[in-house]
Each structure stands twice: as C-alpha cells, then as structure tokens.
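The values are calculated or read from the model by the stated rules, or taken from the named source; none is laboratory data. Worth saying up front: this structure is predicted, and the values here are computed from it rather than measured. Quick reminder, even Gly has a Cβ in these numbers, built from the backbone with ideal geometry, and neighbours come from all protein chains shown.
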Amino acid sequence: MTLAGKHIGRYSESMNRTAALIVAAGRGVRAGGELPKQYVPISGVAVIARSVDAFVGLPVYIVIADGQQGLLDTALAGRAVAGIIIGGTERQDSVRAGLAAIARTADRVLIHDAARPLLPRAVIDRLVAALEKSDGAVPVLPVADSVARASNALDTSDQDLGNAVDRTNLFRVQTPQAFRLDAIIKAHEQWSGPPATDDAQVARAAGFRVAMVAGDTALDKITHAEDFTRAETSLASTMVSRSAMGFDVHRLELDEELWLCGVLIPHTHGLSGHSDADVALHAITDALLGTIGDGDIGSHFPPSDPQWRGASSDRFVTHARDLILAKGGRIDHVDLTLICEAPKVGPHREAMRARLGELLRLRPSQISIKATTTERLGFAGRGEGIAAQAIATVTAGID
C-alpha cells in the first residue's frame, strides 16, 4: 500500500458514477441484545441509517441477510436507497452479490461495513480522490499501542505475554474501501483462498494497487455492547443543538395551483412564484439552511435561473435536509405557522404533516403545523397572499 495525499474535494467530478455498497448481512451476535447491531439505534437513529446518511448524494446499495427486510424498513425510516440485495453466508459472498447488482450502474464503488456508522464525509472525499491514481484506496490509522503475540488468540486468560511485534509499519485498516468497480469485481472472481473479510487484500492478491489515505477514529467498528456507549459519547461530544427561523410570502392569484407542504390544496386561488411557490416549504428550507449557516433558498436556487421555473419545492427542502445529513447532523423538530384567511388549514393538516415527514424523514410528533389569521389586516387579511413562518431545530456537528 502507498500513502495518498490529503486532498479533500467536496462533491468533485470524481463522485460521478460512484456508488456506495453497505454490507449489513451479519447477525451481530457479539454486541448482545435482541436486534442485530446494524439495527440498534445510536442517539435515536439506527446504525444502518447513519451509514446510509453518510453517503448522502450517492446511490446506496445495501446487502442484508435473508429475513431482515422488515428490520431494514423500520431502521431506514423512509430513506430511499438504490437497491437492497440478499447476502450470503460469508461476508465475501455478500460483497460479490452487491457488486453484481451495481456492475452496470457505476465506475467506482465504496464498500462499507454498516457497523462503522460515524463516517466523516472527508474520508469519502479522500478515498475517491485517491482512485484517480490507484485501483483501490483504504482509510488507515497507525497502530498506537504496543503489539505482542500470544499462543491462543481466542483466550487471553492464563497465558504468558509473547514476543513484541514491531509496530513501526503497522496500520489499522478501516472501511469504506474504495475501488474501481471493474478491478474489484475481477479480483473477487480470481480469489481462490478462504473467505476474505477484507476487500483490499482481495484486490492486492489480484495484483491491483491499493493506496492508503488518512482514516478517522470515528470509524472504529461497533462490535461489542460497550461500543454503543462509546459511539454515543463520541457523537454527543461533537454535536450541538441549533435553531433557526425561515419566513416567506407569496401572492395568491387565479389559475394557479396551491401547494402547501408538498400537498396540492383545492382552492379558488393558488400561489404565484418562480417555482411552485410552496410558501411553507420555502420557509422551512430557509430555517433548515439557517441551522447550519448555509445561506438561504435564493443562494442555492436563484430565481434568475430558468431551471427552477415551476420546480417542485420538494427539491429545495430535501436539498437542505441532505446538507444537514452531510455534516452528520439530525433534524429534531420543525414548527410551521401559516398566516392566511383562506383556505382553512385544519382539514389538510395531517396530510401536510405526513408529507413533511416523508421529505424530512421525521415522525409526526417531530412536526408541528399551525395556522392563524391577521384579523383581516394587511395583505394576508385581504386575501392577497399567504405568509409562512418556520422554526427548525437541528442537532449538528461542531465546525
């Protein structure tokens, strides 16, 4: 292996035709508990869901064990993935099944163990950049502790310490491991040894060059019950709660559709704007962007750009959601107030909450939708338009 540079390229051209393959077919028995470890929550979000969130912006394929579809659906809580594959008895069988499923959809693949859910985006960027010069790349950390041999690796009790091992050139290898897709498929086809637990070694055995990039301690694998406590503590130490407000207004006009929270509302008038003029989603988008200090809806989707004419505001709010997820953040709560004389919001409230839950991956209890009037004062009181005010609370990483 060779050590690649520290280039970090955010959403570079190299990300094109890159897919993520999450291996989650294990039973996780060493972690204890009733659920396999990949479905156990960390700070309210399942391990597998956190792994999916880490690859936001990339097509994600998941390999699971037969019979775990229901567990996966519950854990993902509405997250969309590109494909779900049933794995095999050994990890290598699962990887091969996953590679076969994405063989014609990508040029590069990031193979990741679901049990490493706290994946920093910077590691992904380093790996993809390294593929410009290598067939594969892995994140590594130098071995810091003293290393010694023992006669029986399965039981450390009643044993004498063996000889020390020189750790000068030893590294801990993590996932995700990145490969040119044709190379890693060929390597697995050529493998003739016992079932492999590491894809980098399969690639090297086939003669492919595998580079090393800097890993991260956040990627330490969850194996035992105490590792969940470690992950919870690690996550809490880098997260803070942030709230921000969004406000938007649109004019009511004849012959326009009225969209509120992604729901088409029957009414005599609709909202006029460059996009679909969903005043509720616009306010929520600005609130979400405010929690991470990333401008406003106009800076991301300029009204001067014709590609956004008539666009669904679903795209705006999910874009803000994905920016938060890319920072390792989590949306905790959204509170929306609609200000209008008509239409009546009450009959549509639950449909609007349900649609917001789908878009933001939230439970109904995390969404509040209220409505008020201005006692017939001002533009809203005269029925000329609708205003929306939103507050979003997000738990996000400390920059």
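The figures follow:
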read-out: Filtered residue count, region 186-229, keeping only those that are more than 19 Å from GLU132 (Cα to Cα), in contact with a Pro (Cβ under 9 Å, 6 or more places away or on another chain) and β-branched (Val, Ile, Thr); value: 1
read-out: Residues (in contact with a Lys or Arg (Cβ under 9 Å, 6 or more places away or on another chain) and crowded, with 17+ Cβ neighbours inside 10 Å) located in region 17-47; value: THR18, ALA19, VAL23, ALA25, GLY26, GLY28, ALA31, PRO36, LYS37, ILE42, VAL45, VAL47
read-out: Residue ID - farthest from LEU289 (Cα to Cα), chosen from residues in region 314-370 that are in a strand (DSSP E or B) and among the β-branched types (Val, Ile, Thr); value: ILE339
read-out: Those helices (runs of 4 or more DSSP H) lying entirely in region 45-119 with at least 3 residues farther than 15 Å from LEU35 by Cα; value: 47-54, 91-102
read-out: Elements of type helices (runs of 4 or more DSSP H) contained in region 168-265, each with 2 or more residues being touching a residue at least 60 places away in the same chain (Cβ under 8 Å) and loosely packed, with under 14 Cβ neighbours inside 10 Å; value: 225-237
read-out: Matching residues in region 309-329 - criterion: being at pLDDT below 85 and in contact with a helix residue (DSSP H, G or I) (Cβ under 9 Å, 6 or more places away or on another chain); value: LEU325, ALA326, LYS327, GLY328, GLY329
read-out: Some residue of region 369-391 being buried (at least 18 other Cβ atoms within 10 Å of the Cβ), under 19 Å from ALA49 (Cβ atoms), in contact (Cβ under 8 Å) with a residue 24 or more places away in the chain and out of contact with any His (no Cβ under 7 Å at 6 or more places or on another chain); value: no
read-out: Residue within region 356-373 that is in the same structural domain as ILE265 (by TED's automatic domain parsing), of a type in the set (S, T, N, Q) and under 21 Å from the mean Cα position of the chain (by Cα) present; value: yes
read-out: Residue in region 229-246 that is touching an Asp or Glu at 6+ places or on another chain (Cβ under 7 Å), at pLDDT 95 or above and in the same structural domain as ASP335 (by TED's automatic domain parsing) present; value: yes
